[in-house]
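The values are calculated or read from the model by the stated rules, or taken from the named source; none is laboratory data. Quick caveat: nothing in here was measured; it's all calculated off a predicted structure. Glycine also receives a Cβ, built like all others from the backbone with ideal geometry; neighbour counts cover every protein chain displayed. Heads up: the accessible areas ignore ligands, DNA and RNA and are worked out on the full protein's heavy atoms, side chains in. Shrake-Rupley method; radii C 1.70, N 1.55, O 1.52, S 1.80 Å.
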Amino acid sequence: MWSLWPGRVINAGKSRHNEDQACCEVVYVEGRRSVSGVPREPSQGQGLCFYYWGLFDGHAGGGAAEMASRLLHRHIREQLKDLVEILQDPSPPPLCLPSTPGAPGSSDSSHLVGPQSCWSSQKEVTHESLVVGAIENAFQFMDEQMARERRGHQVEGGCCALVVVYLLGKVYVANAGDSRAIIVRNGEIIPMSREFTPETERRRLQLLGFLKPELLGGEFTHLEFPRRIQPKELGQRTLYRDQNMTGWAYKKIELEDLRFPLVCGEGKKARVMATIGVTRGLGDHNLKVCSSTLPIKPFLSCFPEVRVYDLTQYEHCPDDVLVLGTDGLWDVTSDCEVAATVDRVLSAYEPNDPSRYTALAQALVLGARGTPRDRGWRLPNNKLGSGDDISVFVIPLGGPGSYS
């Protein structure tokens with residue numbers, strides 16, 4: 001069985017409270033019904049267990065992160081209830097599940113069936129894709145619950161969410177935000193997520209602004225320019241790019257181009273609507289453009305990207321680990337530096353010593369924070385340490401007691 005090796009630090013001067021939240025659970029899922037539609041007897045089938053880890057990096061308050069840390073795994077469990085019997089059956093998943101008698105939509109709808117010429121064959125749907133879909137839906141339902149309860153329960157702000165689910169031999173890593181997960185296996189680095197920022201999602205954001213200009217409120221343009229256009233430059237030709245472009249081209253500057261760009265800045269300073277630096281996550285239902293009533297939520301997606309790693313396809317040793325970290329770690333630490341720390345710390349312990357993973361998590365956190373010097377917290381290369389809350393999970397993938 002897995003155990004938990006977290007690390008966490010609140011950086012002095014950044015905030016009085018840690019806006020990061022974390023969760024680790026073993027969750028049992030009992031099936032909702034059998035595939036045949038007959039209610040399942042307790043002796044007819046077994047449920048499923050999944051292991052769950054979550055990191056939630058809050059912003060503009062810790063309410064959303066705290067709520068997600070308490071409830072997101074429950075939404076995942078709820079979405080998996082229909083799949084308990086299906087996932088334990090090696091045959092392909094059924095196209096439709098029977099509806100409950102008397103429920104809406106349970107009446108005969110055979111008269112609605114249309115021509116079948118375009119449905120010559122059924123798309124292949126894997127068990128793995130069903131789990132991915134369950135996780136994606138769980139994120140959406142979590143976000144919808146935050147929207148419903150944001151006033152009564154004071155769910156302020158929003159949060160990035162990085163979640164790991166281990167189920168039936170596979171690791172599912174779901175990321176919505178700018179946290180990151182990597183596997184370090186025999187010294188090799190395997191990325192298990194990517195960050196969602198105004199730069200990485202520029203084209204999605206611009207497309208939405210192009211298709212629904214009312215979301216821009218007459219204050220923003222969906223086009224991107226290398227810098228802010230000045231009124232005196234009207235009529236000149238300037239570099240730009242839109243939702244269809246990866247390169248740059250020239251266009252004549254028009255009056256609408258004087259509006260503020262939907263996506264501006266670069267690197268950690270990139271912003272959507274000059275306000276927020278992440279483009280996926282949970283919450284932020286009350287977030288408005290500064291000095292405006294224009295909501296930003298329509299541009300923020302709650303859907304994660306889910307990557308899958310099959311543990312059964314590889315022989316893992318005790319030094320193989322999955323590292324999860326909020327951006328407080330990755331802002332100042334590269335993947336290669338993390339891998340080097342994994343090798344340095346774990347090699348100093350016996351393979352069967354469980355404290356080696358605790359030491360690794362602590363080393364990653366303290367290394368990113370730095371040490372206090374005359375000019376603030378500094379890294380060994382004298383660069384500034386992380387100015388953010390830092391949270392880390394280290395999950396061993398091989399060796400005694402790591403998983404069953």
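With the condition kept exactly as written, say whether any residue in the stretch 206-216 is basic (Lys, Arg) and without any contact (Cβ under 8 Å) to a residue 60 or more places away in the chain. No. Of the numbered criteria (1) more than 26 Å from the chain's Cα centre (by Cα); (2) at pLDDT 85 or above, the one residue 72 fails is (1). Residue check: residue 386 meets all listed conditions (1) in contact (Cβ under 8 Å) with a residue 40 or more places away in the chain; (2) in a strand (DSSP E or B) but one, namely (2). The set of residues from the stretch 296-315 being surrounded by fewer than 19 Cβ atoms within 10 Å (Cβ to Cβ), of a type outside the set (Asp, Glu) and touching a residue at least 12 places away in the same chain (Cβ under 8 Å) comprises 297, 298, 303, 307, 308, 311, 312, 314.
Checked against the criterion of being modelled with pLDDT of 85 or more, of a type in the set (Ser, Thr, Tyr) and open to solvent by 40 Å² or more (accessible area, probe 1.4 Å), the candidates 99, 91, 121 yield just one match: 91.
Report yes if some residue within the stretch 330-345 is within 27 Å of the chain's Cα centre (by Cα), surrounded by 22 or more Cβ atoms within 10 Å (Cβ to Cβ), acidic (Asp, Glu) and at pLDDT 95 or above; otherwise report no. Looking for residues that are within 27 Å of the chain's Cα centre (by Cα), surrounded by 22 or more Cβ atoms within 10 Å (Cβ to Cβ), acidic (Asp, Glu) and at pLDDT 95 or above, one finds none in the stretch 330-345, hence no. For the stretch 260-275, give me each residue that is assigned to a strand (DSSP E or B) and either of a type in the set (D, E, K, R) or touching an Asp or Glu at 6+ places or on another chain (Cβ under 7 Å) (or both). Result: 260, 261, 263, 271.
Does the stretch 392-400 include one or more residues that are surrounded by fewer than 15 Cβ atoms within 10 Å (Cβ to Cβ) and either outside any loop (DSSP other than H, G, I, E, B) or not basic (Lys, Arg) (or both)? Scanning the stretch 392-400, I find at least one residue that is surrounded by fewer than 15 Cβ atoms within 10 Å (Cβ to Cβ) and either outside any loop (DSSP other than H, G, I, E, B) or not basic (Lys, Arg) (or both), so the answer is yes.
The residue list 168, 162, 215, 208 contains one member that is open to solvent by 50 Å² or more (accessible area, probe 1.4 Å) and of a type in the set (A, V, I, L, M, F, W, C), which is 168.
Among the residues of the stretch 213-247, the one identified as under 27 Å from the mean Cα position of the chain (by Cα) and β-branched (Val, Ile, Thr) is 246.
Checking 143, 242 one by one, the residue that is touching a residue at least 24 places away in the same chain (Cβ under 8 Å), touching a Cys at 6+ places or on another chain (Cβ under 9 Å), more than 30 Å from residue 317 (Cβ to Cβ) and open to solvent by less than 70 Å² (accessible area, probe 1.4 Å) is 143 and no other.
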